[in-house]
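Okay, structure first, notes after.
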Amino acid sequence: MAEITKNNRELAEFLGIMLGDGNLNKSSNCITIVGSLEELDYYNHIVIPLIESLFEVKPKLRFRNDRNAVYIDFNSKQVMNYLSKEIGLVRGNKKFAHVPEIVKNRLENVPHFLRGLFDTDGCLKFSKQASERNYYPRIQFCFSDAPFVHEVKDLLEKVGFNLGMWKDSRFSGLIFYQISGKDNLERWMKIIGSNNSVQKTKYKVWKRYGFYTPKSSLKSRIEALNLNKAL
């Protein structure tokens, strides 16, 4: 494994990905990330090269069509020890997870961490408000209640975002964060950004046409934008 500095921005983004959709196996040295099948481009062209660059390993890409999911996994005792013992990621259930100190204590790492978290565990939505079309942007996160959730709120506020927060009893007390409005979305894309084609094409469609069609597919958005698949 290559030597990794603690202010490595690629590492910060990877940690956001891990705390979004990743898992450190509790009883083996298997490290796994799970995403939607529609996000295959993101996992193929962003996540796998990121892992290869950071840790000098070759992750495997697997598919579960019955679950509409894509899996990335690799086994490495060295990487597992680094992530769990040096960085402080929790093995197994992430109920007691925390934002790593190398993110909390280094402001320059925060945007990269939030990008990884947004690309795996966040969502860009558009509501109608008083219009006939879905034009009003909302960046949304949904978490199980854990210490990590409140630390994410601190990070968002640290980089200057005001957010709404509520707990929904209908969904086992899940906590929702929401950053609303055009100015906030533009600021997010400037400061945090996204490496996920699913999120980026939603933004680009809204930017070009002034509204977004809910439940549109990635393919339809790429066609509407006349883009190549790789963004």
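Numbers for the structure displayed
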read-out: Cα-only Debye scattering, region 9-95: base-10 log of I(q)/I(0) at q = 0.13, 0.20 Å⁻¹; value: -0.38, -0.93
read-out: DSSP-assigned coil residues among GluC sites (Glu not before Pro) in region 110-162, each with at most 13 further Cβ atoms within 10 Å; value: E132
read-out: Inter-site label distance for A130 and R208 at 7 Å from Cα along Cβ, in nm; value: 3.0 nm
read-out: Per-bin percent of Cα-Cα distances, region 126-165 [5 Å]; value: 6, 19, 21, 18, 13, 12, 8, 2
read-out: Range in the chain, longest, excluding exposed trypsin sites (Lys or Arg not before Pro) [loop by DSSP; at most 11 other beta-carbon atoms within 10 Å]; value: 27-214
read-out: For region 197-210, Karplus couplings with θ = phi - 60° (6.51, -1.76, 1.60), whole Hz, Gly/Pro x; value: 4, 4, 6, 5, 6, 4, 4, 5, 5, 4, 5, 7, 9, x
read-out: Efficiency of FRET between F96 and S27 - r from beta-carbon atoms, R0 25 angstrom, step 0.05; value: 0.90
read-out: Mean-position separation - Cα centroids, region 209-226 and region 129-183, in angstrom; value: 23 Å
read-out: Angle between the chain longest axis and helix 182-191 axis [Cα atoms, degrees, rounded to 10]; value: 30 degrees
read-out: Calculated over the chain: convex hull of Cα atoms, volume per residue (Å³); value: 136 Å³
read-out: GluC sites (Glu not before Pro) restricted to region 1-109 and DSSP loop, no more than 10 other C-beta within 10 Å; value: E3
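Only the coordinates and a few stated rules stand behind these numbers; no lab work does. Values in this document were obtained by computation on a predicted structure and should not be read as measured data. We place every Cβ from the backbone using ideal geometry, glycine too, and count neighbours over all the protein chains shown.
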